[in-house]
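First comes the structure, then the notes that go with it.
The values are calculated or read from the model by the stated rules, or taken from the named source; none is laboratory data. Predicted model only: the values in this text are computed from it and were never measured. No Cβ is skipped: glycine too gets one built from the backbone with ideal geometry, and neighbour counts run over all protein chains shown. To get the accessible areas, we keep the full protein, side chains included, count just its heavy atoms, and leave off ligands, DNA and RNA. Shrake-Rupley method; radii C 1.70, N 1.55, O 1.52, S 1.80 Å.
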Amino acid sequence: CTLFSFALNACAQDIKRPDSYNYIRGIEAVESRDFQSALEYLNKEIEENPKNGYAYSWIAIVRQQNEEYGKAITALNMAIKYLPKKDKSYRSWAFMMKSQIYQSIQEHENAISCINQAIEIEPENVEAYDKRAQLYFELEKYDEADKDYKKMIALQPGEILGYMGLGRNEKMRKNFEEAIKHFDYVVKLSNEYSSGYSFRGECFFALKKYNEAASDIIK
């Protein structure tokens with residue numbers, strides 16, 4: 001996910017989030033990518049309100065951007081400790097962010113564990129299934145990845161990334177004909193999505209269907 005996709009767009013009903021001066025100034029500084037000022041404001045907020053899990057969440061964003069992964073994980077642990085249980089979107093995001101950091105340091109099993117917890121909090125979070133499927137793909141656990149891609153499609157039937165994932169898994173298994181069926185559907189859903197053509201073209205090439213492959217690559 002993008003740096004602020006959760007924090008700026010998430011909405012929650014009947015949840016009172018902080019509006020203190022240092023907290024708001026800290027968020028504004030993060031938005032402006034003035035990370036040094038952001039840390040100063042957010043640390044002041046923690047001094048005044050040591051149980052503000054939201055502030056720890058934003059500190060984690062800054063630490064992650066600075067590639068201070070250990071400090072980012074520590075901040076996220078504090079966020080998870082203090083974020084209200086009813087604010088599921090923030091808590092789910094915290095586990096997703098923690099997973100992303102574990103991915104950065106190649107700790108895939110910890111990354112999956114964190115996504116599992118995010119999904120437990122928000123079982124209809126399509127992005128979480130997508131990220132877990134990608135991790136399973138990298139670990140060559142294609143059957144597990146298939147389950148997550150199928151769950152994405154069940155939640156959002158028009159989700160092209162689910163079909164792309166299924167096709168990619170079949171391609172890795174060298175089941176090129178089956179892969180092509182998935183990429184065919186991707187192209188039907190979005191005829192300008194270039195990856196649908198490029199992946200399908202690779203499958204055609206593997207099957208020595210060179211005319212079809214060339215057509216897709218050109219497309």
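Under 19 Å from the Cα of LYS209, which aspartates and glutamates turn up, not counting those fewer than eight places away in the same chain?
GLU170, GLU177, GLU178, ASP184
Can you compute the modelled spin-label distance between TYR69 and SER190, with each label point 7 Å from Cα toward Cβ, in nm?
It works out to 2.9 nm between the two label points.
My understanding is that a pair violates if its Cα-Cα distance is over 32 Å; which of LYS44/LYS88; LYS85/LYS150; LYS16/LYS131; LYS16/LYS44; LYS141/LYS208; LYS44/LYS131 do that in this structure? Working shown, then result.
Numbers: LYS44/LYS88 26 Å; LYS85/LYS150 29 Å; LYS16/LYS131 29 Å; LYS16/LYS44 20 Å; LYS141/LYS208 27 Å; LYS44/LYS131 34 Å.
Among LYS44/LYS88; LYS85/LYS150; LYS16/LYS131; LYS16/LYS44; LYS141/LYS208; LYS44/LYS131, the Cα-Cα distance tops 32 Å for LYS44/LYS131.
So which residue, out of LYS208, LYS171, LYS44, gets the largest mean-square fluctuation from a GNM of the chain using Cα contacts under 10 Å as springs?
It is LYS208.
Checking the a/c ratio against 1.5 first, then a/b against b/c, what shape does the Cα gyration tensor give for segment 98-162? Intermediate values should be presented prior to the final figure.
Working: a/c = 2.21, a/b = 1.43, b/c = 1.54.
Here segment 98-162 falls in the oblate category.
Evaluate the charge dipole of the chain about its Cα centre and quote only its size in Debye, nearest 20, assuming +1 on the Cβ of each Lys and Arg and -1 on the Cβ of each Asp and Glu. Walk me through the intermediate numbers first.
Values: 30 positive and 34 negative charges, 54 e Å.
Its charge dipole is roughly 260 debye.
Suppose accessible area is computed on protein heavy atoms with a 1.4 Å probe; arrange TYR210, TYR185, TYR21, TYR163 from highest to lowest. Could the numbers behind the result be given before it?
Values: TYR210 115, TYR185 90, TYR21 140, TYR163 35 Å².
So, going from the largest accessible area down, we get TYR21, TYR210, TYR185, TYR163.
With a sphere of radius 13 Å drawn around the Cβ of TYR129, what net charge do the other residues whose Cβ falls strictly inside it have (Lys, Arg +1; Asp, Glu -1)? Display every interim value, and only then the final one.
Numbers: positive: LYS131, ARG132, LYS147, LYS150, LYS151; negative: GLU120, GLU122, GLU124, GLU127, ASP130, GLU144, ASP146, ASP148, GLU159.
Result for the neighbourhood of TYR129: -4.
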